[in-house]
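The values are calculated or read from the model by the stated rules, or taken from the named source; none is laboratory data. Please read all numbers here as calculations on a predicted model, not as lab measurements. Positions of Cβ are backbone-derived with ideal geometry, glycine not excepted, and every protein chain shown enters the neighbour counts. We work out accessible area using only protein heavy atoms, side chains counted, and drop any ligands, DNA or RNA first. Shrake-Rupley method; radii C 1.70, N 1.55, O 1.52, S 1.80 Å.
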Amino acid sequence: MTKVEIEQAVINLFKQVITNSGKSYDGTVDNNTPIMGAESPFDSIDLVTFIVALEQMIEDDWSFSVTLADDRAMSQTISPFKTIGTISDYIEVLIKEQQ
Amino acid sequence: MVIVITGTRKGIGKELAEYFCNAGHIVIGCSRGEKSIENVNYEHHSFDITDEKSVKLFFSQLRKNRGGLDVLINNAAVNNALAPVALVSYNAAASTMNTNFMGSFLMAREAIKLMMKNSFGRVINMGSMAVKYEEKGEAIYTASKAAVLAMTKILAKEVYQYGITCNAVSPSAIKTDLMDNIDPDALNVVLKRNAIPEMGTTKELIDTINWLISPQANKITAQNIYLGGV
Ligand SMILES: NC(=O)c1ccc[n+]([C@@H]2O[C@H](COP(=O)([O-])OP(=O)(O)OC[C@H]3O[C@@H](n4cnc5c(N)ncnc54)[C@H](OP(=O)(O)O)[C@@H]3O)[C@@H](O)[C@H]2O)c1
């Protein structure tokens with residue numbers, strides 16, 4: 001699983017959650033797109049839906065069982081739940097540990 | 001429906017599992033010990049609900065084999081700390097909190113992830129009348145159940161938008177191994193305070209759960225239902 005593949009999958013899922021929640025997002029979706037906070041198009045329900053869908057996609061498509069909201073995620077100085085880039089980085093770390 | 005029940009090796013959990021299997025539901029049960037129910041609709045998994053890895057694996061298999069679940073009944077519990085606080089060991093308290101609260105939390109956390117995807121779910125947590133009575137010698141068990149009730153109410157608010165309800169049922173005293181160490185005289189005094197001053201049965205618990213999981217109860221959430229006229 002390459003970094004680019006992870007990022008692309010995360011971006012696709014982000015767009016899917018936005019569409020399914022009936023919202024629209026005009027900005028470009030890339031590594032800097034916020035997934036949390038006032039700047040993000042996600043509300044708290046979208047964020048939960050997104051994280052749960054990510055975990056299930058990682059298990060279904062790549063056969064890794066991960067918990068994204070684990071203790072380490074909570075204690076990092078830069079939260080993985082900031083942008084598409086930070087969550088992609090964290091997914092890469094968790095997957096590498098299981099390889 | 002696919003119904004997951006924790007603590008099905010014996011006691012109330014076993015009776016609930018047998019009832020729901022006979023009513024035609026698929027019941028997936030678990031306990032640390034081995035399977036004790038023979039029924040075509042029953043599947044058993046032996047694991048400890050306080051072990052995060054085992055809980056994750058259980059739900060991962062459930063998703064692959066059954067596509068998810070409709071109902072979670074968080075029934076498994078222990079009372080390892082039945083003594084005045086001054087005499088309760090750290091491990092007795094920790095293991096009671098771990099099973100009763102952390103175990104219920106872990107099971108609920110993973111269950112709602114699958115329920116969200118199906119936009120339907122019912123989480124039923126087991127409370128206790130101990131929370132209402134605040135009996136001496138039951139501080140840790142009571143605290144663990146109070147924690148479960150607090151989680152029930154907040155979780156209900158978090159998941160309602162996903163079509164999931166979350167409630168607690170708090171039975172009166174029912175004859176099981178969990179009651180073995182309770183002083184019968186003290187229990188009688190407590191029961192006399194209830195509108196129904198005798199021991200409860202699993203029957204009224206089943207009736208209540210049956211209603212809570214029915215489509216008619218889709219707007220009943222964040223509630224704790226006391227049985228026994230507490
Ligand atoms: N009996 C009552 O009067 C009464 C009253 C109010 C509320 N309740 C509540 O009703 C529920 C059931 O109580 P009960 O009287 O049926 O208790 P019980 O007879 O002692 O049965 C407890 C069940 O939980 C399982 N269990 C315990 N720890 C576990 C763990 N860490 N992981 C997985 N399974 C575990 C046990 O199986 P293993 O040992 O094989 O793991 C057993 O099947 C509890 O939540 C209790 O607080 C009971």
Matching residues, segment B:41-79, being open to solvent by less than 20 Å² (accessible area, probe 1.4 Å), within 15 Å of the ligand (Cβ to nearest atom) and within 14 Å of chain A (Cβ to nearest Cβ): B:V55, B:F58, B:F59
From the options B:K113, B:K145, residue that is within 12 Å of the ligand (Cβ to nearest atom), within 22 Å of B:I213 (Cβ to Cβ), charged (D, E, K, R) and open to solvent by less than 40 Å² (accessible area, probe 1.4 Å): B:K145
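Return a yes/no flag: does segment B:20-35 have any residue that is in a helix (DSSP H, G or I), more than 10 Å from the ligand (Cβ to nearest atom) and under 16 Å from B:D70 (Cβ atoms).
yes
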Within segment A:27-41, can one find any residue that is assigned to a helix (DSSP H, G or I) and either surrounded by 13 or more Cβ atoms within 10 Å (Cβ to Cβ) or of a type in the set (A, V, I, L, M) (or both)? no
Do we find that B:N98 is modelled with pLDDT of 95 or more, crowded, with 22+ Cβ neighbours inside 10 Å and either more than 19 Å from B:N118 (Cβ to Cβ) or in contact with a His (Cβ under 9 Å, 6 or more places away or on another chain) (or both) in this structure? no
For segment B:113-230, give me every one of the strands (runs of 3 or more DSSP E) that falls completely inside it and has 3 or more residues that are of a type outside the set (F, W, Y). B:121-126, B:164-170
Looking at B:Q161, is it over 15 Å from B:I73 (Cβ atoms), away from the ligand (no atom under 14 Å from the Cβ), of a type outside the set (S, T, Y) and within 14 Å of another protein chain (Cβ to nearest Cβ)? yes
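Does A:T83 meet the test of being more than 24 Å from B:F59 (Cβ to Cβ), polar (S, T, N, Q) and open to solvent by less than 40 Å² (accessible area, probe 1.4 Å)?
Yes; evaluated as a whole, the condition is true for this residue.
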Being out of contact with any His (no Cβ under 8 Å at 6 or more places or on another chain), part of a helix (DSSP H, G or I), touching a residue at least 40 places away in the same chain (Cβ under 8 Å) and not polar (S, T, N, Q) narrows it down to one of B:L72, B:L57, B:L106, so name that one. B:L106
Give the number of residues within segment B:116-136 that are open to solvent by less than 40 Å² (accessible area, probe 1.4 Å), away from chain A (no Cβ under 14 Å) and either over 13 Å from the mean Cα position of the chain (by Cα) or not charged (D, E, K, R) (or both). 10
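Regarding B:L205, is this residue closer than 18 Å to B:I73 by Cα, within 14 Å of the ligand (Cβ to nearest atom), in contact (Cβ under 8 Å) with a residue 60 or more places away in the chain and open to solvent by less than 60 Å² (accessible area, probe 1.4 Å)?
So B:L205 fits the description; yes.
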